[in-house]
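Here is the structure we will look at, set down as structure tokens.
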Amino acid sequence: MNKENIIDNEEQKAIELLKTITKGKGKPLDEWELTALLETNGMRDIDAVTEWNEPNLFTLPKRLMQYIDKLTYEVKEHKFETYRVRRILKNYIKGAIFAFPMFIQILAMIVVGFGIWSSIDFTLREATAIAMGTLLALATTGGIAQMIGRKGLFYIKFEEYMLAAKITKRLYITGIIFILFWGLIFSLINFYFNLFPFYMYQLFIIYFILLSFLFLIFSIFYMLEQYGTIAWMTFLGIVLVYIFLFFYGIGLVKAQAYSLIIIITISIILSFYQMRRLEKKSQAEGTLLPHAASLFYTLYPYFLYGTLYFLFLIMDRALAWTTGKKYLPYVVWFNYPYEVGVDWALIPLISTIALIEVFIYELGYFAFKKVNEISAPEVKKFNNYFLRVYTIAAITFFVVGIVSIFGAFLFPYAIKDVEFFFKFVDVFFNDINIFVFFFAAVGYVLLSWSLLNCVIFFAYSRHSFALKAIGWGLIVNFLIGFVFSRAFDYYYSVIGLTSGSIVFAVISTFYAYKFFKNYDYYYYSAY
């Protein structure tokens with residue numbers, strides 16, 4: 001190879017490297033910025049030595065600078081003003097689809113009287129066992145689901161697709177072991193203390209295992225941001241229950257179990273097909289995951305947060321179903337009026353939780369835009385700008401929350417005279433239902449606002465803010481709910497949910513205000 005070819009190859013190699021590290025970032029101003037770009041793209045001193053024959057990473061930029069002007073630098077322009085409404089609507093719909101499976105379940109209960117794991121025709125014994133299985137499945141898988149979502153998405157965003165696939169599979173298998181472990185623990189507790197008769201225990205363990213597997217596999221779709229797949233699987237599950245019930249004459253419990261097994265199997269096939277695609281898409285040189293101790297250290301805040309969050313969600317039900325003025329035949333006893341009220345309140349939760357996707361996206365856009373517009377001496381202006389954005393978010397949540405609460409309250413009245421819905425809508429018109437609905441609805445709207453705060457905290461590696469806020473919220477939820485449900489009646493446990501949500505919202509908002517007050521620091525020190 002002659003000297004000219006060697007020079008041409010070196011130039012081409014340098015230009016390709018510059019294209020990679022400056023993609024979407026514009027022209028580097030000096031060698032120091034170029035060094036930072038090399039480091040953030042994973043280049044090390046050893047790479048400078050072996051691939052470029054340079055002594056370290058700080059001498060390589062001097063060599064690359066001569067080719068800087070040979071490139072055309074294009075920073076991706078966000079057509080913000082032109083497409084603002086379209087983008088906000090798109091992200092709101094995306095956020096709504098995230099919570100759409102809940103709405104499908106609620107709608108199914110109104111239209112046909114059953115869902116994938118619920119029915120108005122269950123006896124109180126059946127409903128108690130199945131409700132326990134559902135709530136404990138959520139609490140058991142919540143932490144693992146958060147870990148899958150966090151670490152898998154982290155690798156995907158950095159285009160480390162092989163690592164994303166590997167860590168997802170590993171955490172999924174860990175989740176299965178975790179589910180089986182808790183299934184064994186619950187079984188031993190029931191057999192030792194003889195809490196429930198065999199038929200109730202059998203229902204509990206079947207629904208606990210199946211729903212845990214379902215929630216765990218759905219976490220992979222959440223990680224891949226394939227919310228529509230989850231909605232379709234939920235809809236398919238309800239259709240299958242209907243077919244098994246009315247076309248094959250199978251009992252409701254078996255129909256739901258068969259339906260769950262089918263959609264779990266389909267979901268596993270789809271998710272692992274997606275993992276295979278990620279592996280094929282990967283162009284990474286290394287596929288070695290961090291050591292177990294390192295993974296634990298980076299992921300335990302997400303496991304803890306996910307567990308606390310789902311304990312927060314189920315706490316009021318657990319308190320309501322373990323007390324009452326009447327004698328309880330078992331330590332836990334399902335109450336239909338309470339469940340109808342809190343399920344009804346999920347509609348405002350769905351309406352407001354969709355806003356999280358909107359504001360997280362807008363915050364990312366504003367941050368990218370303002371970092372390039374505002375100079376370092378104007379840092380106070382930078383922070384105040386984001387405080388205003390955060391205030392707009394708070395006002396939006398408040399308005400949408402109030403509208404959705406009253407919209408959800410009026411919905412049953414709007415359809416009560418429709419003959420097709422008459423059998424199932426009647427259950428809403430009950431003083432206890434309405435009492436529970438309003439307190440739970442307020443609590444859920446505040447909860448969705450708190451979740452927005454926590455998503456921001458985790459996005460900027462401020463785990464302690466989220467954990468402190470939800471920790472105190474959970475304590476208040478339990479204490480107030482326990483006292484009120486025991487002092488008055490079972491359905492007063494919903495006041496614990498509302499009180500806990502208020503505390504969660506107040507503390508997380510306090511930390512969020514602190515965060516945006518010093519946004520420049522938290523932005524640049526996030527990782």
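The values are calculated or read from the model by the stated rules, or taken from the named source; none is laboratory data. Because the structure is a prediction, the values reported are computed rather than measured. FYI the Cβ positions are ideal-geometry reconstructions off the backbone, even for glycines, and counts take in every protein chain you see.
Numbers below:
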read-out	value
Those residues of region 352-400 which are among the polar types (S, T, N, Q), at pLDDT below 90 and part of a helix (DSSP H, G or I), in sequence order	Asn372, Asn383, Asn384
Condition met for Gly473 (crowded, with 23+ Cβ neighbours inside 10 Å, under 25 Å from Tyr336 (Cα atoms) and at pLDDT 95 or above)	no
Test: Leu240 is crowded, with 21+ Cβ neighbours inside 10 Å and either over 22 Å from Ala129 (Cβ atoms) or over 17 Å from the mean Cα position of the chain (by Cα) (or both)	no
Check on Lys254, among the basic types (Lys, Arg) and either part of a helix (DSSP H, G or I) or crowded, with 16+ Cβ neighbours inside 10 Å (or both)	yes
When residues of region 223-237 are limited to those that are modelled with pLDDT of 90 or more and in contact with a Leu (Cβ under 9 Å, 6 or more places away or on another chain), the one surrounded by the most Cβ atoms within 10 Å (Cβ to Cβ)	Gly237
Pairs where the first residue, in region 243-263, is polar (S, T, N, Q) and the second is buried (at least 17 other Cβ atoms within 10 Å of the Cβ) and assigned to a helix (DSSP H, G or I), C-beta under 7 Å, 6+ apart	Gln256/Val241; Ser259/Gly237; Ser259/Leu240; Ser259/Val241; Ser259/Phe244
Cross-chain or 6+ apart pairs with Cβ under 9 Å, region 46-60 first and part of a loop (DSSP other than H, G, I, E, B), then surrounded by 11 or more Cβ atoms within 10 Å (Cβ to Cβ) and among the basic types (Lys, Arg)	Glu54/Lys62; Glu54/Arg63; Leu57/Arg44
All positions within region 230-247 that are within 22 Å of Thr123 (Cα to Cα) and either among the small types (Gly, Ala, Ser) or touching a Phe, Trp or Tyr at 6+ places or on another chain (Cβ under 9 Å) (or both)	Gly237, Ile238, Leu240, Val241, Tyr242, Phe244, Leu245
Unmet requirement for Glu54, which otherwise passes all of (1) surrounded by 14 or more Cβ atoms within 10 Å (Cβ to Cβ); (2) at pLDDT 75 or above; (3) closer than 27 Å to Lys157 by Cβ	(3)
Single match in Leu260, Leu299, Leu311 (criterion: in the same structural domain as Glu225 (by TED's automatic domain parsing), closer than 25 Å to Ile176 by Cβ, buried (at least 18 other Cβ atoms within 10 Å of the Cβ) and in contact with a helix residue (DSSP H, G or I) (Cβ under 9 Å, 6 or more places away or on another chain))	Leu260
Subset of region 330-351 (residues that are in a loop (DSSP other than H, G, I, E, B) and modelled with pLDDT of 85 or more)	Tyr330, Val331, Val332, Trp333, Phe334, Ala345
Of all residues making up region 194-245, the number that are assigned to a helix (DSSP H, G or I), aromatic (Phe, Trp, Tyr) and under 19 Å from Val332 (Cα atoms)	6
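Okay, residues lined up against (1) in a loop (DSSP other than H, G, I, E, B); (2) among the polar types (S, T, N, Q); (3) closer than 19 Å to Ile264 by Cα; (4) outside the structural domain of Gly306 (by TED's automatic domain parsing):
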residue: Phe122; (1), (2), (3), (4): yes, no, no, yes
residue: Glu126; (1), (2), (3), (4): no, no, no, yes
residue: Leu135; (1), (2), (3), (4): no, no, yes, yes
residue: Leu138; (1), (2), (3), (4): no, no, yes, yes
residue: Met147; (1), (2), (3), (4): no, no, no, yes
